1. Just to be sure I understand, if you calculate semi-axes √(5λ) of the Cα gyration tensor in Å for this structure, which of [x] 59, 12, 5; [y] 15, 12, 10; [z] 19, 13, 9 do you get?
2. At 7 Å along Cα-to-Cβ for each site, give me the label-to-label distance between residue 32 and residue 8 in nm.
3. Spin-label point model (7 Å from Cα, Cβ direction): what's the residue 43 to residue 15 distance in nm?
């Protein structure tokens, strides 16, 4: 019976520690598409790509 209690306590400590570590590792979730579309470099790259596409299509 004593071993069962020790195993249960060890298991509870393990689960509590792992969930605490996982909670700290979550930082943020971002929408990469929205982030890229808001960057001025993206607009310049799209304009350059469109210009290059028109050159190749001509």
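What follows draws every value from the coordinates through simple rules; no lab data is involved. What you see is a predicted model; the values in this text were computed from it and never measured. Virtual Cβ from ideal backbone geometry, glycine too; neighbours counted across all protein chains shown.
1. The calculated read-out lines up with [x].
2. Going by the 7 Å Cα→Cβ label model, 4.7 nm.
3. Each label point is offset 7 Å from its Cα along the Cβ direction, giving 5.3 nm.
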